[in-house]
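Read through the structure below, which is laid out as structure tokens, and then see the notes.
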Amino acid sequence: MRALAAGLWLWVATAVLLAVAATAGVRAAVAGAGCVIALVLVGVLLLRGRAGRRALRAALLAAALSAGAAAVVAWRVLPLVSGPVAEWAADRPLVRAEVVTTTDAAPRAGSTRGSRRTDDEWQLDAAALAVARGGGAPVAVDLPVRLLTTADVGRLLPGTRLVATGRLLPGDVVRGRAATLVAESVAEVGAPPVVQGAAGALRESLRRTVRDRPAESAGLLPGLVVGDVSGVPDELDTAMRDSGLAHLTAVSGGNVAVVVLLALGAARALGVRRGRAQVLLVGLAVLAYVVVARPQPSVVRAAAMTAVVLLAVLADLEVRPLDALGLSLGALVLLDPFLALSVGFAMSALATAALLVLAVRWRERPRPPGRVRRVVGVLAAVLAVSAAAQVAVAPLVAGIGGGLPVGGVAANLLAEPAVAPATSFGLVAGLLGLVWPAGAAVVALPAAWAVAWIARVARTCAELLPPLPWPRGWAGALGLAALLLLAGAATWLARRQGGAVARACLAVAAVGGLVAVAPPAQVPFGAAWPPPGWRVAMCDVGQGDATVLNAGDGAAVLVDTGPDPARLDACLRRLGVSRVPLLVLSHFHADHVEGTQGALRGRPVSAVVVSPLGEPVGEVARVTRWLAARGLSPRVAAPGDRWSVGAVHLRVVWPTRLLRGEGSDPNNASVVLLGDVGGVTVLLDGDLETAAQEAVLASGVLGRVDVVKVPHHGSAKQSPAWAATTHPAVALVGVGLDNDYGHPSPGTVAAYRAVGAVVGRTDLDGDLAVVADAAHGVVLLHRGP
């Protein structure tokens, strides 16, 4: 435990100092560390005769570790914030840089800003060797940088030498990067080392071996075995996260344990049963696996812990698992202090610590008499270990926006038995595929079956036990950590002392938990969402539109999908929408179609209707690709088209022609729908601007309706007669909080209120729902932001 405490102290000290250095500067971090160390030493001198020797030794050790952390942070951060590269980055100049890649390239999705979306690109980390500003002479450096480019670098291996030309931007000190290079052109000038080439060949061999398997196996198996997550379907990735199995999407510490067992088996098969030769073989196997799977934080943590154990064996020393964990944590943050702020590293370390602490305590308990009690005891131990790991990482999961995966314990208990066969058979299949592809396909079958089971567990648990909502960010993480600590303290007090204090702590913890997971109080008709009898809902998806029409029995017609797949998917889940018989994309601007993949996650979509204007071309291509992957072919809307889906009846009234040059062409080509949803009449009008609105009004198809989706997020580009002609009881505005467009226009909101409409805004009210109430007619309810 002492080594674990020392490792944790060094980790926390490094994390704090690194955060201070990134925000206030290296001098502030060193000065702060110096003040803490000085106070500790003064305290030691003052309490020298009063405190016990153990406490004094602990204080001196903490001071020494803090000093070491400060030295390492200063040594690693100073080069990132000083020198010519850091100075140039502030001016964002054009540069020519020679770099060596240190990671694989990963796709980086473009960002949506209003109706526009930036291009997708590749991102990878690299070490800059020389940088030249403009036409100047190159300056020799050795600095970590992030490389962003739209060039095709997807198959580049770590260690590849490149010459990149582009714009130099400031870096990210917290992640250990001196600058970011947005490269317009990339040229390969040097091949990767032989070792990286061999590792890349093994990764490609496994991808090729399972390429013809179902999508879940073809994507998840390379991710689980060698860390290649490029083929994991988005829907499965979401299910893995929601079920608490995200650590199985890619390589984790458990895979390293499997590699150690495989190496020990291979050593025994070769006749090497003990001694340094066996230790060397296991060490080489783990090192090779780190190269193949890439040095991800969880892999590095597990490999370092294995290295501590192997070194202890070589030195004929006894090291306990908790001590090995503490020593490995301390060594890693000294070697790479930026790991101290890595969420993946923290989750791996905390989960392992919880497992080991519980395992030690369980081993020290007396064995119960009787076979049945022993079996029950083993099952209870397995359940407790899984629960401990989930509780340990729960604050971090909540902090990164994963909510509370209430099904995590059950999912891990069901999925963990499949990890070892998936890893072992997958590795053997990858190696065999280098020389005998047909044999590799046979060996990969058990691995494919194993990951198919993991995928089934993830989907089932995510559906039956979806994660509870929880605030994200530091506030959410610290809040949940405080709640768990309070519950733990209350439980400990109840077991040790009982009495009023323990009962009070338990009561506070229980009330805090209930308040945290209670549904929002903003819904007038009760605590549930959606409210009973809802007909139309508008999802809070940020600056964009997504309108849901209730067709009954878990079915809904969805009109537009907003800019964010995750927010749309979450909204549909809240509404209980399990299938979408009809999806209408009013036009192809990003704030109306980028969330389409969220609609496709875990729910069938039967038909898709789109605008007749295929612009912007890039968004059309993206949407078409997503739909084609699900076997869907969109149909172009035409005036007079009608659909009936359960209680929903819709008719297309626009566009009867395409307007050019009278505003935004895609906006004015929005599909306009008149409909009836369970007796509530609705008008859905996309982003129509003034010219198109007046053309629709001139056609005479519009009259009074119950609900209007206000065109173009309530912008000022409105025909004065639109609100007066439709005279709605409810006006819905899909708009993002504090958007840069001034939406909705105060004049537009006033126009709808002037005709007696109740105006609902997703930026202020969150999800909106229109309810048909016999006593009050059409009523607007909101879930709250």
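Taking every C-alpha pair closer than 8 Å and separated by at least 6 residues, the mean separation divided by the residue count of the stretch 672-771 gives a relative contact order of 23 percent.
Mean projected area of the convex hull spanned by the Cα atoms of the stretch 56-196, taken over all viewing directions: 11.9 nm². Multiplying the residue separation of Ala482 and Ala201 by 0.36 nm and subtracting their alpha-carbon distance yields 96.5 nm. Projecting label points 7 angstrom from Cα along Cα→Cβ for Val435 and Ala71 puts them 4.9 nm apart. When Arg108, Arg92 are compared by accessible area of protein heavy atoms, the largest-first order is Arg92, Arg108, using a 1.4 Å probe. Selection among Leu148, Leu129, Gly110 by position relative to the dipole of the chain gives Leu129 as farthest towards the positive end (Cβ unit charges, Cα centre).
A cut-off under 9 angstrom between Cβ atoms defines the neighbours of Thr238, and their net charge, with Lys, Arg +1 and Asp, Glu -1, is -3. Given their separation in residues at 0.36 nm each and the Cα-Cα distance between them, Thr150 and Arg496 gain 118.4 nm when the chain is fully extended.
Please give the helix 343-364 orientation as an angle from the longest Cα principal axis of the chain, in degrees from 0 to 90, rounded to the nearest 10. For helix 343-364, the angle is close to 60 degrees. Taking 51 Å as R0, compute the FRET efficiency from the Cβ-Cβ separation of Asp738 and Val617 and round it to 0.05. Between Asp738 and Val617 the formula returns 0.95. The order of the peptides 738-746, 576-584 by mean Cβ neighbours within 10 Å, most packed first, is 576-584, 738-746. Relative to the longest principal axis of the chain, what angle (0 to 90°, nearest 10) does the C-alpha long axis of helix 215-226 take? Computed tilt is about 30 degrees. Each stretch of four or more DSSP H residues adds -39500 (n - 2.57); spread over every residue of the chain, this sum gives -16500 deg cm²/dmol at 222 nm. At an R0 of 51 angstrom, the distance between the Cβ atoms of Ala629 and Val194 translates into a FRET efficiency of 0.85.
Where both bridge residues fall in the chain, DSSP classifies roughly 75% of the beta bridges as antiparallel. For the chain, the longest principal axis of the Cα atoms and the long axis of helix 194-209 meet at an angle of about 50 degrees. Put one equal scatterer on each alpha carbon of the stretch 594-679, apply the Debye formula with no solvent term, and list log10 I(q)/I(0) at q = 0.23 1/Å to two decimals. Reported log10 I(q)/I(0), two decimals: -1.24. Near Gly403, the amide H atoms lying under 5 Å from its own belong to Trp470; only residues 5 or more places off or on other chains count, and H is placed 1.01 Å from N. Placing a pseudo-label 7 Å from each Cα along the Cα-to-Cβ vector at Ala698 and Leu314 gives an inter-label distance of 8.5 nm. Treating each Cα of the chain as one equal point scatterer and applying the Debye formula with no solvent, the log10 of I(q)/I(0) at q = 0.06, 0.08 Å⁻¹ comes out as -0.47, -0.83. Extension gain, Val139 to Arg456: 0.36 nm times the residue separation minus the Cα-Cα distance gives 108.8 nm. The DSSP beta bridges internal to the stretch 597-733 are antiparallel in roughly 65% of cases. Spin-label model, Ala24/Ala359: points 7 Å from Cα along the beta carbon direction are separated by 4.0 nm. Just need the Rg to Rh number for the stretch 216-353, please, alpha carbons only, Kirkwood Rh. With Rh from the inverse mean 1/r over Cα pairs, Rg/Rh is 1.01. For Val593, the shell of other residues with beta-carbons less than 9 Å away shows a net charge of -3, using +1 for Lys and Arg and -1 for Asp and Glu. At an R0 of 41 angstrom, the distance between the Cβ atoms of Ala384 and Asp119 translates into a FRET efficiency of 0.25.
Within the set of other residues whose C-beta is less than 13 Å from the C-beta of Glu204, count the net charge using Lys and Arg as +1 and Asp and Glu as -1. Net of charged neighbours comes to +3.
The values are calculated or read from the model by the stated rules, or taken from the named source; none is laboratory data. If you're wondering where the values come from, they're calculated on a predicted model, not measured in any experiment. Counting neighbours? That spans all protein chains shown, and the Cβs are built from the backbone with ideal geometry, glycine included. Accessible surface areas use protein heavy atoms only, side chains included; no ligands, DNA or RNA. Shrake-Rupley method; radii C 1.70, N 1.55, O 1.52, S 1.80 Å.
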